[in-house]
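The values are calculated or read from the model by the stated rules, or taken from the named source; none is laboratory data. Small disclaimer: the values here were computed from a predicted structure and weren't measured. Cβ sites come from the backbone with ideal geometry, for glycine too, and all protein chains shown count toward neighbours.
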Amino acid sequence: MTIATAIAHPNIALVKYWGKRDETLMLPAAGSLSLTLDAFPTTTTVRTSADLTADELVLNGETQTSDAFLRVTRFLDLVRGMAGSTAHAQVTSHNEAPTGAGLASSASGFAALAVAAAAAYGLDLDRAALSRLARRGSGSAARSLVDGVSVWHAGDGDDTSFAEPVDAPEMSMIIVTVDAAQKAVSSREAMRRSALTSPFYPAWVTSTELSLTAMLEACRDLDFSRIGRITETHAMRMHAVIQACDPPIRYLSPTSIAVFDAIAALRADGVEAYGTADAGPNVAVISRPADAARVAKALEPFGSVRIVGAGPGARLVSDGTGDGE
Ligand code: DP6
């Protein structure tokens, strides 16, 4: 029996990943860039044993048997294939973010699982290889292997599509949770529908490549204002692509739109804040650290507000062998 525990944090993309060019290898249509947070961690323990007759998944105290379980067991098959093992595993995971509400719980979840499962199955992988492995579970998880700001390269194939660190100015992120309910359409399904039915999808892919190049320049120049403008414009473009699906999908709620209006009002008042939103109604706002408290105060009427900053990439917290329970 082998047991390993890992902790990972979600990341919020400033240049989004939205669409795959290869669903099996989980290769993105374009590269993306994100901030790994110092909040909402996922802690995952993987215990492998020759005595188990099947994999097991307990998520936030509840045994899972359907979608989440199937994704995890398929991921473990990949790890077993790499390790030359046939042992099943018990996976226990605890997530501090509301699962499925667009706060990137699949990113922290698969980043923690990749690190814990690699250790439990005895694989010795460097950070790029762990990022590639996490990508196979959920694309955005590739970025949660990295501290702070990271770029996930679209790459030429499996070997070159991983995330690595990018120097960037210090930023705060204000997370405005307007609704913590599970989203109606998963991002995986909505990405598929966007590629198949949204007439704007090809333009989205080429404009994302341009946004990423511009964002990497802005990070290199430590130009917070430019980072912010690219972030908000790019987020609006992603939601435009999604809303143009057939049948349409709309993740932003009237409250989300009101948050974007409040952000624009802050800017008109001289406070530089810029918003983004993932596949859900919650809004993440970036500001300079000195402005974060003022931004948070202005956004309090719209939901629960939390100020977060740059956090660490996924890491092992224990890799004992057999006596760790
Ligand atoms: C809107 O990584 O959850 O958060 O690869 O299918 O598991 P799969 O999708 P996922 O999608 C994240 C989409 C996003 C944008 C982003 O994080 O870049």
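The table for this structure:
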{"quantity": "All positions within region 190-238 that are touching a helix residue (DSSP H, G or I) at 6+ places or on another chain (Cβ under 8 Å) and basic (Lys, Arg)", "calculated": "ARG226, ARG237"}
{"quantity": "Yes/no for VAL72 being more than 16 Å from the ligand (Cβ to nearest atom) and among the aliphatic types (A, V, I, L, M)", "calculated": "no"}
{"quantity": "Flag if ARG80 is outside any strand (DSSP E or B), touching a residue at least 24 places away in the same chain (Cβ under 8 Å) and charged (D, E, K, R)", "calculated": "yes"}
{"quantity": "Answer from SER150, SER93 - the residue that is assigned to a strand (DSSP E or B), under 12 Å from the mean Cα position of the chain (by Cα) and buried (at least 23 other Cβ atoms within 10 Å of the Cβ)", "calculated": "SER150"}
{"quantity": "Selection status of ARG192, within 13 Å of the ligand (Cβ to nearest atom), surrounded by fewer than 19 Cβ atoms within 10 Å (Cβ to Cβ) and either at pLDDT 95 or above or of a type outside the set (Lys, Arg) (or both)", "calculated": "yes"}
{"quantity": "In region 195-221, residue surrounded by the fewest Cβ atoms within 10 Å (Cβ to Cβ) [restricted to those that are assigned to a helix (DSSP H, G or I) and of a type in the set (Gly, Ala, Ser)]", "calculated": "ALA203"}
{"quantity": "Candidate set: region 268-293, residues that are over 23 Å from the mean Cα position of the chain (by Cα) and loosely packed, with under 15 Cβ neighbours inside 10 Å; chosen: the one nearest to THR43 (Cα to Cα)", "calculated": "ALA293"}
{"quantity": "Within region 229-325, strands (runs of 3 or more DSSP E) holding 3 or more residues that are under 25 Å from GLU217 (Cβ atoms)", "calculated": "273-276, 283-287"}
{"quantity": "Residue satisfying all of: in region 1-52; acidic (Asp, Glu) and under 25 Å from ARG192 (Cβ atoms); farthest from the ligand (Cβ to nearest atom) among these", "calculated": "ASP22"}
